[in-house]
1. Would you mind telling me which numbered condition in (1) open to solvent by 60 Å² or more (accessible area, probe 1.4 Å); (2) under 24 Å from A:Asp280 (Cα atoms); (3) among the acidic types (Asp, Glu) A:Asp73 fails?
2. Restricting to segment B:221-247, give me the number of residues that are within 14 Å of chain A (Cβ to nearest Cβ) and in a helix (DSSP H, G or I).
3. Find the residue count for segment B:1-32, including only residues that are surrounded by 15 or more Cβ atoms within 10 Å (Cβ to Cβ) and part of a loop (DSSP other than H, G, I, E, B).
4. Kindly evaluate A:Ala130 against the criterion of being within 15 Å of the chain's Cα centre (by Cα) and not basic (Lys, Arg).
5. Within segment B:283-303, track down each residue that is buried (at least 19 other Cβ atoms within 10 Å of the Cβ) and more than 26 Å from B:Leu239 (Cα to Cα).
6. For residues that are more than 14 Å from every other protein chain (Cβ to nearest Cβ), under 25 Å from the mean Cα position of the chain (by Cα) and assigned to a strand (DSSP E or B), tally how many sit in segment B:181-220.
7. Quick check on A:Pro337: is it open to solvent by 20 Å² or more (accessible area, probe 1.4 Å) and at pLDDT 95 or above?
8. Being more than 13 Å from every other protein chain (Cβ to nearest Cβ) and open to solvent by less than 30 Å² (accessible area, probe 1.4 Å) is the filter; apply it to segment A:261-278 and report the residue that is farthest from A:Ala222 (Cα to Cα).
There are 2 protein chains.
Amino acid sequence: MIPVKRVTLQDVATHAGVSMKTVSNVVRDYPHVSPAMRERVQAAVAELGYRPNLRGRSLATGRSNMLALAFPDLRRPYFAELAHVFARVSAARGYRLLLEETGGTPDGERAVLRDREAGIVDGVVLHPQALRATDLEAYREDTPLVFLGEDPQPSGADQVAIDNVAAAEQAVTHLVRLGRRRIGFLGHETGPWSFTSTLRLDGYRAGLERAGHRFDESLLVARAEGDALGAEAALGAALDDGLEIDGLLCRDDLAAIGALRALLVRGLHVPCDVAVVGWDATVLTASTVPSITSVAPDTVELASRALDLLLERIDGLDAPGRHVTVGHDVLVRESAPEP
Amino acid sequence: MIPVKRVTLQDVATHAGVSMKTVSNVVRDYPHVSPAMRERVQAAVAELGYRPNLRGRSLATGRSNMLALAFPDLRRPYFAELAHVFARVSAARGYRLLLEETGGTPDGERAVLRDREAGIVDGVVLHPQALRATDLEAYREDTPLVFLGEDPQPSGADQVAIDNVAAAEQAVTHLVRLGRRRIGFLGHETGPWSFTSTLRLDGYRAGLERAGHRFDESLLVARAEGDALGAEAALGAALDDGLEIDGLLCRDDLAAIGALRALLVRGLHVPCDVAVVGWDATVLTASTVPSITSVAPDTVELASRALDLLLERIDGLDAPGRHVTVGHDVLVRESAPEP
DNA sequence: GCGCGACTATACAGCGCTGTAAATCTGAGA
DNA sequence: TCTCAGATTTACAGCGCTGTATAGTCGCGC
């Protein structure tokens, strides 16, 4: 029932009485094949149940039709959703997507470029967290590469991101329009800030200043762990310590979810006492109580543009690093409603 | 700066003045190589920056050291977390993991077995949703395969799952011990039930009967969409329609999250008015308000056992299908606390 | 000083497929 | 009927690597 050995191109060729190359041409839809020949070969293919061996093809062509998407952690909903979108978009372009978790560590991020993808992938899209693009470029092999996320210190590589500063400013402005005066920021790293956090904090500050509010470092709440529990613990501790806020911009939705819990458990009502804005607009933020207003990056556009750039590089484009900005939105829901 | 052409094994061999095979032996840690030779070759490798080309190796050995994990949808937190665990566990065994979404559709599930993995992966772990293992076996190629999820109609293939019936029964028992009498079930499919739903409903029913409660079909709430919003809509409609419950077992955590919102929005308190139990114990259920009591499958064990079985098949084991059950737990939190 | 066994290193073929260039075929015009 | 351009088909080499079989090397005991 299970064939001992896979059917090979040569088997089909022999069976159909033609050359191997002709079978190859038929299988790959090469145009200059006569209809009669095409039919004959297709019959043989069907009869023997032939399926091309991707390894052999890949070795011969030097292409694998696979791309890699590397990001910190699949368990963070944003990345899971991003991966989903990337998989769709790259499938639509005829590429399979290999998903790779870096753990958000320097080693993990370097490893992606240095070791892992060697020769099994045609290109890599990397969303770094610990390292910046400029640091990572040194480790780059000859595989085409596109960075996700806006590195403030632009590198020579292609890069796609939303405008974090503008988005954060916009989110703060939304809170200001709700009459909030003591607007905090939750969720950046306790250690050195990732560049994403840095940018969002920049925008947060800009938003405050634009509204004539004073930037107050005591309203910044870092978290030790990048998940919801870490955010809950951090904000909880700060609140218990006397922190007073009436608005909160979160670095990401996980922080917002943790914030919700920290606030509600302490009897603070959202949005009446504290209005909360998350970031990424992951699907679950529509189902919390209250649902969470969140900054929504255009992930489809993000994926499309990133793959555009990457495929151009794969096709041999040699050009300086290009930096593309894609759109975003503030998705208004219950945690920070319309004024 | 970027080498025009990758360094090949032959380049290293020439550079070190040895044969290609010797370099290969060094690179792959073949034992019978003299220390001096090993050192010389390693120096050449380092000097030229050689990295083995996985495509070539894969063609020569017939192995790719990659496995595929296929499941319905990455956006569902359970699968994202499962994928994360599988990736770790398989990395620990020296395999990379290719993640594949089937969309939960018959075509998607068939495609995984039939087209997609042809020759690029050494084995496949498939978590079906639309089709049962027995249906899928027909499409199986010669790639080793392990099913995830307990198909009530055991197939000839290997299978790993938790005991869904026992777990559901246990969850219901927990609700009963909280004094709940009208315990509903939320989240199975509106169309034909998946076998997972079927089993969990079986256990739900068994739990009720064991407690001497009557099984009442009007307490079953199906959802059209397999996400939280779908569950919220379904339960909301049922409640508005007069459904009265004081306990609720959900097919998965997304259903529980949707349920929370449907209940709270209608002024019902969880757990006082309605106690809720979710399923999968995804991390986010610790951060909702209230946090969600949930059935926790032992995913690490699930992944380990599945890979054990798969690797044995890859090593050529020829045996009838084996069916492994891994452990689970009811993780008690606020939505259905200890009595 | 020689022969043998145990290790090491090498040569060669080939994994399954595709690119290139050359061979073959077709049919129209002379 | 013959020639030649254009369209199909084929032969061959080789992508980068590893398994097998073979050759080479060394040390040791007689």
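The values are calculated or read from the model by the stated rules, or taken from the named source; none is laboratory data. Computed from a predicted structure; not experimentally measured. Please note: Cβ atoms are built from the backbone with ideal geometry, for glycine as well, and neighbour counts cover all protein chains shown. These accessible areas exclude ligands, DNA and RNA; they are computed on the full protein's heavy atoms, side chains included. Shrake-Rupley method; radii C 1.70, N 1.55, O 1.52, S 1.80 Å.
1. Status for A:Asp73: all satisfied but (1).
2. Result for segment B:221-247: 9.
3. 4
4. yes
5. B:Ala296, B:Pro297, B:Thr299, B:Leu302, B:Ala303
6. 3
7. The answer is yes for A:Pro337.
8. Per the criteria, the residue is A:Pro271.
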